[in-house]
Amino acid sequence: MTLLELIRGRLHLSGTKEGCGIGECGACTVLLDGKAVTACLVLAVEADGATVETIEGEANDGELSLLQKAFVEMGAVQCGFCTPGMIMSARGLLRRNPHPTDEEIVEAMAGNLCRCTGYEAILAAVRVAAAGGARD
Ligand code: FES
Ligand code: FES
């Protein structure tokens with residue numbers, strides 16, 4: 001069983017998306033002990049004893065995180081399928097590097113594909129979130 005199957009199929013947390021299933025789209029990105037990973041390529045057993053963070057942990061009592069708000073405000077969400085994975089990759093980046101350069105943002109998000117936005121709005125959202133101090 002993959003970590004993605006565990007999250008979606010057993011734990012019924014449907015925020016983490018399944019796109020390609022082979023590690024190429026980033027839709028299934030979660031944080032494993034703080035590091036962004038594609039959950040379709042991680043075995044559930046490999047996460048035994050680790051901390052797994054999914055998109056469900058972003059909002060606090062129903063209030064969107066600063067990072068989520070930045071995505072909405074910058075128009076970085078269209079169909080939304082890539083968004084949970086995008087946000088988890090951005091979250092991993094901002095945790096380890098609260099003030100990333102544009103190059104560092106591009107590098108951190110390079111494994112996440114989006115068919116709708118053309119990426120500029122997504123990169124702008126991460127920039128805005130970083131400027132607003134959206135570390136956690
Ligand atoms: S579903 Fe995991 S990378 Fe595409
Ligand atoms: S918003 Fe549709 S795939 Fe990114």
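FYI, it's all coordinate maths here, none of it is from the lab. Nothing here was measured: the structure is a model prediction, and the numbers come from that model. Glycine gets a Cβ as well: all are built from the backbone with ideal geometry, and neighbour counts include every protein chain shown.
Considering segment 3-18 alone, what residues qualify as being out of contact with any Phe, Trp or Tyr (no Cβ under 7 Å at 6 or more places or on another chain) and either under 19 Å from C116 (Cβ atoms) or more than 13 Å from ligand 1 (Cβ to nearest atom) (or both)? Let's see the steps before the verdict.
From segment 3-18, those out of contact with any Phe, Trp or Tyr (no Cβ under 7 Å at 6 or more places or on another chain) are 3-16, 18; that's our starting set.
Within segment 3-18, L6, G9, R10, L11, H12, L13, S14, G15, T16, E18 qualify.
Within segment 55-72, can you find the residues that are out of contact with any helix residue (DSSP H, G or I) (no Cβ under 6 Å at 6 or more places or on another chain) and either of a type in the set (A, V, I, L, M, F, W, C) or away from ligand 2 (no atom under 15 Å from the Cβ) (or both)? Outline the logic, then answer.
Of segment 55-72, the ones out of contact with any helix residue (DSSP H, G or I) (no Cβ under 6 Å at 6 or more places or on another chain) are 56-57, 59-65, 68-69, 72.
Passing the criteria: E56, G57, A59, N60, D61, G62, E63, L64, S65, K69, V72.
Report, by residue number, each residue of segment 69-82 that is of a type outside the set (D, E, K, R) and assigned to a helix (DSSP H, G or I). Lay out the reasoning, then the answer.
Within segment 69-82, the first condition is being of a type outside the set (D, E, K, R), and the residues that meet it are 70-72, 74-82.
Within segment 69-82, A70, F71, V72 qualify.
Which residues, counting only those in segment 15-32, are buried (at least 17 other Cβ atoms within 10 Å of the Cβ) and among the aliphatic types (A, V, I, L, M)?
First, the residues of segment 15-32 that are buried (at least 17 other Cβ atoms within 10 Å of the Cβ): 15-19, 25-32.
Listed by number, the residues that qualify are A27, V30, L31, L32.
Any residue in segment 69-94 that is in contact (Cβ under 8 Å) with a residue 12 or more places away in the chain and polar (S, T, N, Q) sitting within a Cβ distance under 9 Å of a residue that is assigned to a helix (DSSP H, G or I) and within 13 Å of ligand 2 (Cβ to nearest atom)? List the pairs, counting only those 6 or more apart or interchain.
Once the first residue is in contact (Cβ under 8 Å) with a residue 12 or more places away in the chain and polar (S, T, N, Q) and sits in segment 69-94, its partners that are assigned to a helix (DSSP H, G or I) and within 13 Å of ligand 2 (Cβ to nearest atom) give Q78/A121; T83/F71; T83/I122; S89/M109.
Identify, by number, the condition in (1) away from ligand 1 (no atom under 16 Å from the Cβ); (2) under 20 Å from I7 (Cα atoms); (3) among the small types (G, A, S) that A44 doesn't meet.
Among (1) away from ligand 1 (no atom under 16 Å from the Cβ); (2) under 20 Å from I7 (Cα atoms); (3) among the small types (G, A, S), the lone unmet condition for A44 is (1).
Within segment 40-68, can you find the residues that are within 16 Å of the chain's Cα centre (by Cα), in contact (Cβ under 8 Å) with a residue 12 or more places away in the chain and in a helix (DSSP H, G or I)?
C40, L41, I55, E56, L66, L67, Q68
Mind listing just one residue for me: the one in segment 111-127 that is in a helix (DSSP H, G or I) and out of contact with any Leu (no Cβ under 9 Å at 6 or more places or on another chain) and, of those, nearest to ligand 1 (Cβ to nearest atom)? Outline the logic, then answer.
Looking only at segment 111-127, we keep the residues that are in a helix (DSSP H, G or I), and these are 120-127.
If we keep only those that are out of contact with any Leu (no Cβ under 9 Å at 6 or more places or on another chain) too, we end up with 120-124, 127.
On the way: E120: 22, A121: 21, I122: 16, L123: 20, A124: 24, R127: 24 Å.
The extreme case among them is I122.
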